[in-house]
Amino acid sequence: MNSDILLTCRFSLHNNKQIEGFCPYPQCNNFRLFCVNCLLDYHQDHTNECKKLYEYPQWAEMFNQINLENINKLESILEIFVILKQFKAWYETQYNPLIDNQESLNVQMFEQKITNIVNIKNITNIIDQSIKPQIEKLKTYLEYIMNQKGKINNLVSYDEFIQSNILSQSSLSNRSQRNYEETKSLYWAGKYQECINKCEAYQKFNITDVRFSLLKGDSYLELKNFEKAIENYQIAIEMDDSSYYAFGKIGDIMLNTGKLYEALKYYDDCTKINNQQQEYYFKKAKIYQKLNQFKQGLECVDHLLSLNSQHIEALQMKATLLQQIDLKKSGIDQFQQQLQFSAPHTQQFLQHLFKLGNQIQNRPLQGQILSKEEINFKYQQAYNQLEKNPQITLQICKEIFEMEKEREKNRDIDIDRDKINFQFIILSAHALKNLGIYQEVLNICELVKKIDPNNQEIESLEQIIYTLIQ
């Protein structure tokens, strides 16, 4: 790679930092190219898999060789179609019941012709039971792979894919099952809207069959219509409240749209029904880690490891969580000692307050900050306007900030009053979000995260903003 080429990070909050490397870790769902900040934020649990940018040519060359080998393999596989054409030509010659040339016909040729025609049933069975099904299975599996797009990590093997189809087809005992197999084939082929249409048509005659609702939910999910997907998963749950699959899928949607607490609720429902689901315990642990609830995350990881002691990602996460639990405890202890001294300026105290967040003694942040009657009134007034008129909310926040600046000039230091800044800053970020001024919200989030990495509200707000931007 040309060393003169400079690539910059796509995250605006990373201030156009230079791209330092790339992540080839197969299970990573984040952007592959990273700057220093990205490495810390998104690749911390698998940094040993990450590579420097200058390593790309050597790394890529290895996969280039594999790519060329795969192309050669596919070329050799294509030879089967040459054989199929030859087989078709042979069949047409051998099993054509018509006599092409009666003048050259002799007893031996006529005898062979009759024998071939008598045996045509056997060759028909070979075509119907061996050749055609195998080619159709391969065709279906290849369509399944091509329609997975970026989900190659989650592909099932050919044998597993075919076995699932065989098991399904073996139970085709009624029209409902045949209809379901037809709709499922459309889904596997990536024809999601056709699948939805067929499901709706067949559901009129099979209103209690939960499978059609689940399949519609999966199809809407592929089409990125999350609202419709959730609606159909909810219908499935109403039909069968033991459908852990539906709970898990709604949890996935909540997680992908930044609704961490809602995702946890659905994952909890899922694992209560089926406590053998490793995937959902790992997702719960990741959420708890994001929410800085490290002990709860550790419990999920421990349960996962009780199911699969060789789960590499779970083992890595456990090490990370144990480290974070230790760092968090020492940080809080240190700040509690700092609280014994009042800062000379409001800004200094505010920085301390940011570091504290809402972790100390597990008390609500609002209870720590809003202690004076007039401030409570102002805050409530601003909050009440947040949805109706966020511009008014911003104005009230601005008045509070101006008041605090004036008080600082006069050296009017009052710890309880100094604490109000933090809550009004967060409130102003929510107001800017409602006004659609997303970049300003991200700027506030970045500021708060630098001073208070453990602030859950800001982290959730930032995820919402990124979702809205996308």
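Values quoted throughout were computed directly from the atomic coordinates according to the rules given, and no laboratory measurement underlies them. Values in this document were obtained by computation on a predicted structure and should not be read as measured data. Neighbour counts run over all protein chains shown; Cβ positions are idealised from the backbone, glycine included.
For the reader, a short list of remarks on this structure follows.
- Between Gln86 and Thr208, the modelled label-to-label distance comes to 5.7 nm, taking each label 7 Å out from Cα in the direction of the beta carbon.
- Using all pairs of distinct alpha-carbon atoms, the Kirkwood hydrodynamic radius of segment 204-298 works out to 13.6 angstrom.
- log₁₀ of I(q)/I(0) at q = 0.18, 0.26 Å⁻¹ - segment 247-338, Debye sum with one point per alpha carbon: -0.77, -1.25
- When Trp188, Trp90 are arranged by Cβ crowding within 10 Å, least crowded first, meaning fewest neighbours, the order is Trp90, Trp188.
- Subtracting the Cα-Cα distance of Ala60 and Ser176 from their residue separation scaled by 0.36 nm leaves 36.8 nm.
- When Ser243, Ser76, Ser176 are sorted by how many other C-beta atoms sit within 10 angstrom of their C-beta, beginning with the fewest, the order is Ser76, Ser176, Ser243.
- Extension gain, Trp188 to Gln129, is 19.0 nm, computed as 0.36 nm per intervening residue step minus the present C-alpha separation.
- Per-pair calculated FRET efficiency, R0 = 41 Å: Asp159 and Leu435 via Cβ, rounded to 0.05: 0.15
- Cα-Cα separations in segment 12-73 greater than 14 Å, expressed as whole percent: 60 percent
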